Amino acid sequence: MDAMPARSRTVTVLGATGSIGASTLDVIARHPERYRVHALTAHRSRETLLEQCRVHQPAVAVLGDERDAAWLRQRLREAGLATEVLAGAEALVEVAEAGEVDVVMSAIVGAAGLLPTLAAVRAGKRVLLANKEALVMSGALFMDAVAGSGATLLPIDSEHNAIYQCLPAEHRGGLGRHGVTQLLLTASGGPFRGRSGAELAAVTPEQACAHPNWSMGRKISVDSATLMNKGLELIEACWLFDARPDQVQVVVHPQSVIHSMAAYADGSVIAQLGNPDMRTPIAFGLAWPERIDAGVEALDLFAVARLDFEAPDEEAFPCLRLAREAMAAGGTAPAVLNAANEVAVAAFLDHRLGFTGIGELVARVRDARPVAAAADLETILEADGLARQAAHDWLNRC
Ligand code: NAD
Ligand code: MG
């Protein structure tokens, strides 16, 4: 039987209405004695947030703008709920660093997650990191903040959560020190695995968002289809596990049952397996170092029957290479890559850019923007803003 926690933990869910946010609330609802929700945040999905407030009764709810916040305030008052409703980016920071909060789930999509996630880190919280873009943008600064504040950073991205589970408990200070030779980052290959560059030119947002194994938000679904998601994850792995890019090998594994692996000097390879359901890493992060029920079915190996592996096709999917190069270039290069990709994915989802145009746009912005040392947050945010501008300029010229 589960040992009872000493006291219940108070949780802020940033990006509560998204795919990860909803899965987080699903796990929390299974363990009311363990977790209490302090704050839920959303950008525009006010109806979903209202429903979540009814169920979880947080102290605070945050929406992107004051009009939506006023709407939610009114509905909550009518429902007799005392939830305080705030609006805007500063309110996200406020609920991430609030004194009464123990755990922050960072599940906003994109660069918008950076400031509240950093605030949670600096406040020394247990930070469950789903928002990979924040770490990609600010790598060294982010990890220094973790070390400086004593925050507990637990990766939620399934691959990094798997690697975390496959590494020795104390793995800071370089992989080699622990006899780890390589991190094997598995990739499903996305919905277009096996297609040539020419075949990819005409694919639609709807096809790109129909992922074979995972149900996710639209931005990460497109990233999975271009393999930019794997590229961002390669950068994420380098920062989380103090690895060099050449120590991270991407392995296409279409069944998405092995979530990633660590290879050791003695020839051992340790893998973490499970059904592709984000509630597993989320429950891991919430309960660590304990284990709790996540609502996920046990893995049926007879039903899985076989596990396949192949090398990624970097010709047809150049985004993986672009990300590796950005990591090797260092400084603001990953922030520029991420910003250009966010603009490109939004344009693709909006039918203003073709699928293969995503990699092309990212490469063009990379070529147009100089790499600077990512010395402070201002420099990183400036590089992000100028890269977005360069991406928009290029889109407007097409
Ligand atoms: P989603 O699009 O389903 O949800 C995004 C959430 O962020 C929503 O609550 C939305 O309201 C909020 N949001 C969007 N823009 C915002 C803004 N400008 N300001 C404040 N809030 C904003 O996304 P998701 O699939 O849940 O992914 C969330 C993050 O987790 C991403 O960084 C993604 O890469 C990462 N991730 C997701 C999965 C997955 O299975 N979905 C797996 C691994 C990592
Ligand atoms: Mg992942």
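The values are calculated or read from the model by the stated rules, or taken from the named source; none is laboratory data. Model, not experiment: these values are computed from the prediction. Note: ideal-geometry Cβ built from the backbone for every residue, glycine included; neighbour counts use all protein chains shown.
Screening Gly139 on (1) farther than 18 Å from Thr24 by Cβ; (2) surrounded by fewer than 19 Cβ atoms within 10 Å (Cβ to Cβ) shows it passes everything except condition (2). Among the residues of the range 78-100, those identified as farther than 10 Å from Thr41 by Cα and of a type in the set (Val, Ile, Thr) are Thr83, Val93.
When the helices (runs of 4 or more DSSP H) confined to the range 104-199 are screened for residues that are farther than 18 Å from Pro245 by Cα and within 16 Å of ligand 2 (Cβ to nearest atom), those reaching at least 2 such residues are found at 158-166.
Condition check ((1) under 26 Å from Leu337 (Cβ atoms); (2) touching a residue at least 12 places away in the same chain (Cβ under 8 Å)) across all residues:
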residue: Pro245; (1), (2): yes, yes
residue: Val252; (1), (2): yes, yes
residue: Gln255; (1), (2): no, yes
residue: His259; (1), (2): yes, yes
residue: Val269; (1), (2): no, yes
residue: Ala303; (1), (2): no, no
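Quick check on this structure: which one of Ala346, Ala328 is farther than 19 Å from Ile235 by Cβ, among the aliphatic types (A, V, I, L, M) and modelled with pLDDT of 95 or more? Just a single option satisfies the conditions, and that option is Ala346. On inspection, Ala363 does not qualify as of a type outside the set (Asp, Glu), within 26 Å of Phe192 (Cβ to Cβ) and crowded, with 21+ Cβ neighbours inside 10 Å. Ala151 meets all of the listed conditions (1) in the same structural domain as Ile282 (by TED's automatic domain parsing); (2) without any contact (Cβ under 8 Å) to a residue 60 or more places away in the chain but one, namely (1). One residue stands out in the range 281-316 among those that are closer than 21 Å to Glu159 by Cβ and among the charged types (D, E, K, R): the one that is surrounded by the fewest Cβ atoms within 10 Å (Cβ to Cβ), namely Arg306.
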